[in-house]
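What follows is a short report on a single structure.
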Amino acid sequence: MAPQTTEIERAIFLTHLEYVSLPEAARKAGINRKTATNIKLRAANLEIEHIEAGLPPPTIQELIRRKEGSGAKPKISEAEVDEILAACTANKKQRKKLWHVVAHEEGFFDVTRRTIETKLRERGLRRCKSTKKLGLTDIQRAQRYEIALSRKDWGLAEWRKVIFSDEAAIVVSAARGMQRLSRFPDERYHKDCIDRRYNGYSEAMFWGCFTYDSKGLCHIYYPETSEQKANNEEMIETLNEEEVIAEC
């Protein structure tokens, strides 16, 4: 029996075959004539076997069931897939390697790259970007946690007053291009899926901001001189004082 056919296609073919010719039944089932002939022959042989054994006629489920042991043998066992999966997610270094490279390191030289990728994707493994997080000290973590708790009950009225900003850094000596690693959908914050980044490493910064109903300007900042830094800090202090006075 042709391995392309599904149980539904075989059931449709055999059902139509009771009322129309073989070519017409094959056309309605969407299978080719040679495949249809093989399906009919197997069904007829199964009916003969039941008659000779004194059994009732075979059911439609028995007629469409694939013969045991037929079809292509699996190219890789489930245990071997487990082995490759464990190797791909063993640590951060392994997660950054391509799946077929890990498989070859584990001794699976006869399995194609496509087979390896198909099996691992069936298990839910994906190639994703690593999660970027700032390297924080214990004091910084405690401060951020305290700030988060103080705002957990805020409503729309409070959040509308907040300005959200973000930046993109041009990093010196950093790996360029897409850097992907192997992880499951729920492993975004797994320690092996996080790359730390630290302040003070950029050559230039691109900044943008927005509020609830407004979008701010975008700016590019280059490293400041000591004089520029002092002037900017003085300007920020002045602006903050004016804001406090205006609110009072």
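The values are calculated or read from the model by the stated rules, or taken from the named source; none is laboratory data. Only a predicted model underlies this, so the values are computations on that prediction, with no experimental measurement involved. Backbone-built Cβ (ideal geometry, glycine too); neighbour counts: all protein chains shown.
Structure notes:
- Residues located in segment 71-118, provided they are aromatic (Phe, Trp, Tyr) and without any contact (Cβ under 8 Å) to a residue 60 or more places away in the chain: 108, 109
- Among the residues here, residue 163 qualifies as among the aliphatic types (A, V, I, L, M), at negative phi, touching a Ser or Thr at 6+ places or on another chain (Cβ under 6 Å) and modelled with pLDDT of 85 or more.
- Picking from residues in segment 115-145 that are of a type in the set (D, E, K, R) and loosely packed, with under 10 Cβ neighbours inside 10 Å, the one that is modelled with the lowest pLDDT is 132.
- Of the residues making up segment 118-168, those that are of a type in the set (Gly, Ala, Ser) and assigned to a strand (DSSP E or B) are 165, 168.
- The single condition among (1) more than 20 Å from residue 128 (Cβ to Cβ); (2) modelled with pLDDT under 75; (3) not in a strand (DSSP E or B) that residue 204 does not satisfy is (3).
- Within segment 94-114, considering residues that are in a loop (DSSP other than H, G, I, E, B), surrounded by fewer than 16 Cβ atoms within 10 Å (Cβ to Cβ) and of a type in the set (A, V, I, L, M, F, W, C), the one modelled with the highest pLDDT: 98
- Only one entry of 66, 27, 42 meets the criterion of being modelled with pLDDT under 85 and out of contact with any helix residue (DSSP H, G or I) (no Cβ under 6 Å at 6 or more places or on another chain), and that entry is 66.
- The set of residues in segment 216-246 being more than 22 Å from residue 205 (Cα to Cα) and among the hydroxyl-bearing types (Ser, Thr, Tyr) consists of 238 alone.
- The set of residues in segment 105-142 that are under 19 Å from residue 189 (Cβ atoms) and within 18 Å of the chain's Cα centre (by Cα) comprises 124, 125, 126, 127, 128, 129, 130, 131, 132.
- Meets criteria (touching a residue at least 40 places away in the same chain (Cβ under 8 Å), charged (D, E, K, R) and under 30 Å from residue 13 (Cβ atoms)) for residue 126: no
- Single unsatisfied condition, residue 82 versus (1) over 21 Å from residue 189 (Cα atoms); (2) assigned by TED's automatic domain parsing to the domain that holds residue 192; (3) among the charged types (D, E, K, R); (4) not in a loop (DSSP other than H, G, I, E, B): (2)
- Residue in segment 218-247 that is surrounded by the fewest Cβ atoms within 10 Å (Cβ to Cβ), counting only those that are at pLDDT below 85 and acidic (Asp, Glu): 247
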